Structure formats: structure tokens, C-alpha cells
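What follows is a single structure, written as C-alpha cells, with notes after it.
The values are calculated or read from the model by the stated rules, or taken from the named source; none is laboratory data. These figures come from a predicted structure and were not determined experimentally. Methodologically, a virtual Cβ is constructed for each residue, glycine included, from the backbone with ideal geometry; neighbour enumeration extends over all protein chains shown. Calculation scope for accessible area: heavy atoms of the full protein, side chains included, ligands and nucleic acids excluded. Shrake-Rupley method; radii C 1.70, N 1.55, O 1.52, S 1.80 Å.
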Amino acid sequence: MVVRPVYDGLTALAGGAQAGTPLREGINRVTTVATAADSSQLPSTQDVTGEDLIVINAAAANSMNVYPATGEKINALAANAAFAMAANKAALFVITGAGQWHAILSA
């Protein structure tokens with residue numbers, strides 16, 4: 001059995017910015033997204049010892065932005081660009097190389 005740490009009750013950074021609420025290895029459940037585009041930030045691909053992490057936007061209504069670390073990318077987005085996650089969605093973020101994350105978003 002694989003046991004992952006769970007970080008529950010996180011609050012996305014109000015107003016949104018790349019330096020958003022830090023996400024960690026394991027399962028990250030963001031329960032407060034006060035306004036659309038509030039943000040969180042993935043760790044640097046060089047700082048993560050594992051190869052993936054889970055982010056859940058458990059907010060009632062607002063979409064949040066997930067940013068990579070400075071200079072890094074998510075999917076085919078530009079470096080430093082945000083990945084939008086609608087309310088009640090989950091995503092698996094996987095490191096595929098130095099500076100590159102890929103997201104698998106729930107339906």
C-alpha cells in the first residue's frame with residue numbers, strides 16, 4: 001500500500017500570483033478559493049523527490065490557477081503560465097523532465 005501525505009483545508013492565494021499557496025508532494029486539497037483565479041504553486045521539479053502530486057480544487061464555485069515554479073512549464077503552456085482548474089476538479093501533476101510538469105485533469 002502506498003501512503004501519501006494529505007494536506008487538507010488549503011487556501012489559494014487571494015488575488016492570484018505565481019508565488020501562490022505552496023503545494024507539496026502528496027495530496028493537496030484546496031478548500032478555499034475566495035475569488036476566481038486565486039492561486040497555488042507547484043514545487044520546483046528539482047525540489048520534488050517523487051514524480052507526481054495530486055491537487056484538488058474543492059471550492060464550491062471558483063476556478064483556481066495552479067502555477068509552476070519560476071521558469072518551469074505545465075503541459076504546452078508558456079513558462080510561468082497558470083493552469084486553470086475549475087471548482088470540484090482534481091488533477092494529477094507529473095514531472096516529465098527538468099522544468100516540465102504535465103497535468104491529467106479529472107472529468
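Which one of these is over 13 Å from the mean Cα position of the chain (by Cα), outside any strand (DSSP E or B) and basic (Lys, Arg): 24, 4? Reasoning before the result, please.
Working: 24 fails: over 13 Å from the mean Cα position of the chain (by Cα).
So the residue among 24, 4 that is over 13 Å from the mean Cα position of the chain (by Cα), outside any strand (DSSP E or B) and basic (Lys, Arg) is 4.
Within the stretch 10-24, identify whether any single residue is farther than 17 Å from residue 103 by Cβ, in contact with a Gly (Cβ under 9 Å, 6 or more places away or on another chain) and either open to solvent by less than 30 Å² (accessible area, probe 1.4 Å) or not basic (Lys, Arg) (or both), and answer yes or no.
yes
Being in contact (Cβ under 8 Å) with a residue 40 or more places away in the chain and either crowded, with 18+ Cβ neighbours inside 10 Å or in contact with a helix residue (DSSP H, G or I) (Cβ under 8 Å, 6 or more places away or on another chain) (or both) is the filter here; which residues of the stretch 69-83 pass it? Quick ask: steps written out before the conclusion?
In the first step, residues of the stretch 69-83 are kept if they are in contact (Cβ under 8 Å) with a residue 40 or more places away in the chain; the result is 70, 80, 82.
82, the sole residue that qualifies.
Answer yes if at least one residue in the stretch 46-57 is in contact with a His (Cβ under 9 Å, 6 or more places away or on another chain), at pLDDT 95 or above and not in a loop (DSSP other than H, G, I, E, B), and no otherwise.
Going residue by residue through the stretch 46-57, those that are in contact with a His (Cβ under 9 Å, 6 or more places away or on another chain) are none.
Within the stretch 46-57 (the criterion being in contact with a His (Cβ under 9 Å, 6 or more places away or on another chain), at pLDDT 95 or above and not in a loop (DSSP other than H, G, I, E, B)), the answer is no, since none of the residues qualifies.
Somewhere in the stretch 73-82, is a residue part of a strand (DSSP E or B), under 13 Å from the mean Cα position of the chain (by Cα) and on the phi < 0 side of the Ramachandran plot?
Within the stretch 73-82, the first condition is being part of a strand (DSSP E or B), and the residues that meet it are 73-74.
Now drop any that are not under 13 Å from the mean Cα position of the chain (by Cα), which leaves 73-74.
When the remaining residues are screened for being on the phi < 0 side of the Ramachandran plot, the result is 73-74.
Checked the stretch 73-82: at least one residue is part of a strand (DSSP E or B), under 13 Å from the mean Cα position of the chain (by Cα) and on the phi < 0 side of the Ramachandran plot.
When residue 51 is evaluated against the numbered criteria (1) loosely packed, with under 15 Cβ neighbours inside 10 Å; (2) touching a Phe, Trp or Tyr at 6+ places or on another chain (Cβ under 8 Å), which criterion, by number, is the only one it fails?
Evaluating residue 51 over (1) loosely packed, with under 15 Cβ neighbours inside 10 Å; (2) touching a Phe, Trp or Tyr at 6+ places or on another chain (Cβ under 8 Å) leaves (2) as the failure.
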